[in-house]
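Written out below as structure tokens is the structure these notes cover.
The values are calculated or read from the model by the stated rules, or taken from the named source; none is laboratory data. None of the values given here were measured: they were computed from a predicted structure. Here the Cβ positions follow ideal geometry from the backbone for every residue, glycine too, while neighbour counts run over all protein chains shown. To get the accessible areas, we keep the full protein, side chains included, count just its heavy atoms, and leave off ligands, DNA and RNA. Shrake-Rupley method; radii C 1.70, N 1.55, O 1.52, S 1.80 Å.
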Amino acid sequence: MNFSIERPWVLYGLLLLIPYIYFMFSRFARIMKTLGPHRSLAKDSAVLTRTKSSFVPRTILRALAWVMIVAGAAGISWGANYVPVQKNGRALSLVFDISYSMEAEDAPGDMTRLTAAANYADSLLEHIPNTSVSVVLAKGEGVVAIPLTEDIEAVRTLLFSLSPNLMTAQGTSLGKGIQTAINSFPVQASQAAAIWLFTDGEETDGTLVNALVEAMKFGIPVTIIGFGSEREISVTAGDGKTQVKTALRSDSLEQAIASAKEKFVQKAGESPTNPEIFYIDASVLGSANTVLDSFAKKTNGTSWQNQIYNSEEESSVVYELETVDRHNLFILLAIVLIAASFIFGELTIPVSYLKKKRIVTSSVIAMAFLLTGCTENVSDGAKILSGRLNWNRKKYQESVASFMTVAENAEERGDSSVKDYALYNLATTYMMQNENEAAEKRFKEISPDADDRIRFSTLYNLGILSHRNGDYAKAADYFKRALLVDSTNMNAKINLELSQNEVETHARVQEQVLTPVTQNKDEPDASENSLYSTIKEDEQNRWKNQQQETESSELDY
């Protein structure tokens, strides 16, 4: 079971229970001391008895309610769920093992393993355009040599400069290299991530298994590409003197992958999609095609030869493993406990009903179980609330996951109202991430019979999207339709007028551009004719003067 506390410092709030309990018991003692000598003045001889019997449960229930509030604020969570996250575009991290064992010259063509890995990676990069690429060096703690970039030439320049001398750290930590690659992807990135590890399998710290489990948790596929021969060969260690035996450890790599998958299933259960973690020997015929196919199918399920790479159109759904947030459960329990404390301590209950407290207690417990075992609608409502809270915190990735889950659940049970509300929230979240195409697609999936508020907001936002895209006529049409739903909205009226003005402005500009094209260039206007006539007369007069000067000069000669 995954157990985590997001804000452990909030738990210090439990210390407030100490002064609360001290104050309550001190107050109770004073009340008993005051009422004790005047028992005969009380109309009901059982007043003290009722006070004593209600004080303890009331105090305990309110203390427990405070515990629930603190636990909810601390972000205590346990359990895990697979959450679908839509990704657009792709990002790739190249992790290179640059240990001294990679200097062994047993790669094809008598190349070193590191040189062969650089050439192999370079050939793969030619077939994955429109992809953000980073480079991580897996030596020591693991270092990001090049952050995510689309400048492939910068990546290629580094590839052919790889050497164990780039880092002074000792040892080979493939796991830390993969962990560094995972951390190199931005948390709120909308791109589908993948990792390629180039290594001979020589590892010194045994962290590879845990790193692979972490990658599967975030839905990041890892491809391990092996270089070298499985026949041992001697290489010089980092001290320049010691000779060590090294070889391609295919068995160790495959065993690590199998252990990681088994550990992940034990920890999180079966995944909706099989974790794409596999090993391949670079010397195997067609290995490059296998690597590229795996990377391509991550996006749209086709082989890389059949794909036309367009980062703006590529989209995929990745299932990430997230711990289940129990915030709503703790708040609900706090409300139930506070309500129970009023039932036991604040309401005036006749003595004849005191014997029925067991019934009241049973009813409260039953209500708590009924509310905590929420129906599907209540559960979806909690997810939408969680998504809106994350939206306000600008945690758009978590919001997308919540709204997408609610939309899928509502569609399965045929609840169109909940589905429309989830789709609307999902679309507005995409708008905040500037993923306009995805937002427009979700807006258009909303039913035309949806609630008037959702229909108005949908048409209004579609108008905003059309205006962003420069389609002002379409934007004006959407704003008109929005006003048919709610004719009192001033913003829609203003945006309609602005869109119509843009349409007229563009029409006038187009007319100005087209006017010169309609003129006949072979027929100059009157001003041009007069100008040409003047120039012609000047030229004729100049020519006559030159003729006269020439004749006189000939006579003089």
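The table below lists the values:
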item: Pair list, Cβ < 7 Å and 6+ apart or interchain, from the range 15-28 residues that are over 14 Å from Val56 (Cα atoms) and in contact (Cβ under 8 Å) with a residue 24 or more places away in the chain to residues that are part of a helix (DSSP H, G or I) and open to solvent by 70 Å² or more (accessible area, probe 1.4 Å); result: Leu17/Trp66
item: Subset of the range 116-128 [assigned to a helix (DSSP H, G or I), of a type outside the set (Phe, Trp, Tyr), in contact with a Phe, Trp or Tyr (Cβ under 8 Å, 6 or more places away or on another chain) and farther than 13 Å from Val155 by Cβ]; result: Ala116, Ala117
item: Residue pairs meeting the criteria (Cβ under 8 Å; at least 6 apart or on separate chains; first within 14 Å of Ser184 (Cα to Cα), in the range 140-161; second part of a loop (DSSP other than H, G, I, E, B) and among the hydroxyl-bearing types (Ser, Thr, Tyr)); result: Glu141/Ser173; Gly142/Ser173
item: Single match in Ala340, Ala368, Ala401 (criterion: closer than 28 Å to Met68 by Cβ, open to solvent by less than 30 Å² (accessible area, probe 1.4 Å) and at pLDDT below 65); result: Ala368
item: For Gly109: the one exception among (1) modelled with pLDDT under 85; (2) part of a helix (DSSP H, G or I); (3) under 17 Å from Val235 (Cα atoms); result: (3)
item: Pairs, first touching a residue at least 12 places away in the same chain (Cβ under 8 Å) in the range 424-435, second of a type in the set (Val, Ile, Thr), C-beta under 7 Å, six or more apart; result: Tyr424/Ile446; Tyr424/Ile454; Tyr424/Thr458; Asn425/Ile384; Leu426/Val400; Thr429/Val400
item: Filter result for Ser161 (modelled with pLDDT of 80 or more, under 28 Å from Val284 (Cβ atoms), polar (S, T, N, Q) and loosely packed, with under 14 Cβ neighbours inside 10 Å); result: yes
item: Matching residues in the range 129-163 - criterion: being closer than 18 Å to Phe295 by Cα and assigned to a helix (DSSP H, G or I); result: Ile152
item: Subset of the range 450-485 [outside any helix (DSSP H, G or I) and modelled with pLDDT of 85 or more]; result: Asp471
